[in-house]
């Protein structure tokens, strides 16, 4: 996944939702970094991604992208007038 500067600062401060392992590349010119994060479960990964939003983009796996998208749609629906 890609993490922006703010998400990178908070990534390890997520308590039980923090990744178990991290492999990261140096940031690009905009401060975004490609990272491989390991979580215990898809639900934990989804919670972590949502906590780091909006400065996070899930590139793979597809299951996590779908889970985050579904959660995002639910948030929008719940908060729409």
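What follows is calculated from the coordinates using simple rules that are stated; it is not laboratory data. For clarity, every value in this text was computed on a predicted model and none was experimentally measured. All Cβ positions, glycine included, derive from the backbone under ideal geometry; neighbour counts span all protein chains shown.
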Listed values [x] 11.8, 38; [y] 12.6, 41; [z] 24.2, 71, entry calculated as Rg and Dmax of the Cα atoms in Å: [y]
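Provide 38, 46 in ascending order of the number of other Cβ atoms located within 10 Å of each residue's Cβ, fewest first.
Numbers: 38 10, 46 22.
Least to most surrounded, the residues fall as 38, 46.
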field: Estimated distance in nm for a label pair at residue 28 and residue 53, the labels positioned 7 Å out from Cα along Cα-to-Cβ
entry: 2.2
task: Just subtract the alpha-carbon distance of residue 20 and residue 73 from 0.36 nm times their residue separation and send over the number in nm, one decimal.
output: 16.4 nm
- prompt: When the chain is treated as a GNM, springs tying every alpha-carbon pair under 10 Å, which of 14, 64, 52 comes out with the largest mean-square fluctuation?
  reply: 14
- line: If one builds a Gaussian network model of the chain from Cα atoms under 10 Å apart, the most fluctuating residue listed among 22, 68, 58 is 22
